[in-house]
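Report on the structure given below.
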Amino acid sequence: MSIFLNGLNLLIIYFISYQFNVILVKQYYSISRFLKVILSFYKYFIVIVPIQILTILIKSDILYLISNLLISIIVVILIDKNKIKVSRRSLLQIILSMIILFLLFYLFEFFCSFSIFLLVITTTIAFLILLPFEEIIKKYYLNKAKIKLKSFKNMKIIGITGSFGKTSLKYYLKTALEKDFKIAYSPSNVNTLMGITKYINNSLEESDFLILELGIDKKNQMDKFKKLLSLDYAFVTSIGNMHLATFKNIDNLLKEKLKISLMLKKEGKLFINDDSQYLNKIEGNNIIKFSKKNVNVKSFDIEGMKIIDNKKIYNFPIHQSFFASYLDGIIKFFNELSLDKSKIFYQSNCFVDFDRRNKVFKKENGYLIDNSYNANLKGIEESLKLLKTLDGESYIILGGIIEQGKNYKVENSKLKEKLIDENVIFIGNKNHPLIENHQFKKLYITKSVNEAYKLIREINPNNVLLLCKGDDVYLR
């Protein structure tokens, strides 16, 4: 192979290698998830691998170049929409994989004829080399955060877990408490062990309460939080069909979420949502149950939720009907602290919707409901109830339900039933189970969120419900 073709091929392979590393980082540095993404493009590689075999048999530099160009075109079309999140770890991952790639490219020319395998191997080798060093660094920061937490002797720690609603409850609790106490809480939806560790080390100041949400998406992940946290109170908001691609079934998910109780101190209390069909059978001496049945809801519409307490009507500008359950949880928490619950109702107007969680925006001729974060059946049902209270023409933008494992088709078929006679703008491919044999009033199929936005601006309906799929579209 000529020096020119060698250099050109290496540049193309470097470009593809960068994209593969983007996938690894986006999939939380999980090799199994990374491989799942790569294998999802098998139908394209079925064409490319025979071409690469031909390059070996007939020793054609041009065919080798063509096959690499084909791969690069595929990653541009299918992958090159994501940019890597720049961090120390991601930069080291890319640099090391590029160095390994360079060495293998020039030392083993025959092996390098199979670019796909080469790129997967170099990305994996770089990850495995860095892994022990990353574990040492993690342990250092974990110990640092643990020491810092112990220094705040009077601070009470609240942990929140659940399939959905963690961030909402975190902010509702913060709103209810912050008038009388100094509250610290993890920002946005930061809920991983290292995300919480970073927040504690960099931002946490001494407070009366620290509120954290604990997110898990596979078995034995809750155990890792025990390395850092000892909880005074814990909440389980919900159990639903989320992350079943990794949990496999609801029982595994339920058991893992309930492990949060193992982090409680001796006198700690566990608050459980009794409205969840999977949680209402859980019993225990330290368990306190909350339910919407204990809250007198007068009405729920685009103006929010009106609640009656002591014969007075209070308006909470919230657009999630399960807020009633959480409100009872907060009242029960106040009772545990011997606080007057009337303080919650007097500041009802301070409770607000959060970004991408049934947040309502007034349009010129109607409303936009943004529930793009809660792309699960329960959350979508909440949005549809709200949408049906509105006048005028309504459109729904969505990409289906993800992270369902073997329930992927079942859950999307259930959603399809909920959307009968609705106007739908779907983001995805024509073979998706959500749109197969549908009975929608109207259906438009788009390839991207941007294309869907452009279309909805052209249609300009009165109301729009935004349910776009999340970043992690590869887990099924």
Task: Positive-pole candidate from Phe300, Ala324, Val360, dipole of region 251-375, charges at beta carbon - done: Ala324
Task: Largest-first ordering by accessible area, 1.4 Å probe, given options Ile53, Ile211 - done: Ile53, Ile211
- [ ] Hydropathy first: keep DSSP H helices in the chain averaging at least 1.0 on Kyte-Doolittle, then drop any whose Cα extent along the axis falls short of 20 Å, and list what survives.
- [x] 3-26, 42-58, 61-78, 88-107
Task: Inter-probe distance in nm under a simple model that places probes 7 Å from Cα toward Cβ, at Ile308 and Val86 - done: 5.9 nm
TODO: Report, by chain and number, residues whose modeled amide H sits under 5 Å from the one on Ile445, excluding near sequence neighbours (fewer than 5 apart, same chain).
DONE: Phe426
- [ ] Using only alpha carbon positions, build the gyration tensor of region 341-404, then give the equivalent ellipsoid semi-axes as the square roots of 5 times its eigenvalues, largest first, whole angstrom.
- [x] 24, 18, 10
Open item on the list: Under the 0.36 nm per residue contour assumption, what length would be gained going from the current alpha-carbon distance of Lys385 and Leu11 to full extension?
Closed with: 129.4 nm
Task: Share of Cα-Cα pairs in the chain lying beyond 39 Å, as whole percent - done: 33 percent
- [ ] Take each of the peptides 161-173, 187-199, 301-313, average the number of other beta-carbon atoms within 10 Å over its residues, and list them starting from the highest.
- [x] 161-173, 187-199, 301-313
Task: Residue-normalised accessible area of region 283-401, given per residue in Å² at a 1.4 Å probe - done: 46 Å²
Open item on the list: Could you tell me the relative contact order of the chain? Use alpha-carbon pairs under 8 Å, at least six residues apart, and round to a whole percent.
Closed with: 10 percent
Open item on the list: What is the percent carbon and sulfur in the accessible area of region 117-252, measuring with a 1.4 Å probe over the protein chains and ignoring ligands?
Closed with: 55 percent
Open item on the list: Using 0.36 nm times the number of residues separating Asn349 and Asn286, minus their current alpha carbon distance, what extension gain do you get?
Closed with: 19.5 nm
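The values are calculated or read from the model by the stated rules, or taken from the named source; none is laboratory data. Every value quoted in this text rests on a predicted model; they were computed, and no experiment measured them. Every residue, glycine among them, receives a Cβ derived from its backbone with ideal geometry; neighbour counts consider all protein chains shown. Only protein heavy atoms, including side chains, enter the accessible area calculation; ligands, DNA and RNA are left aside. Shrake-Rupley method; radii C 1.70, N 1.55, O 1.52, S 1.80 Å.
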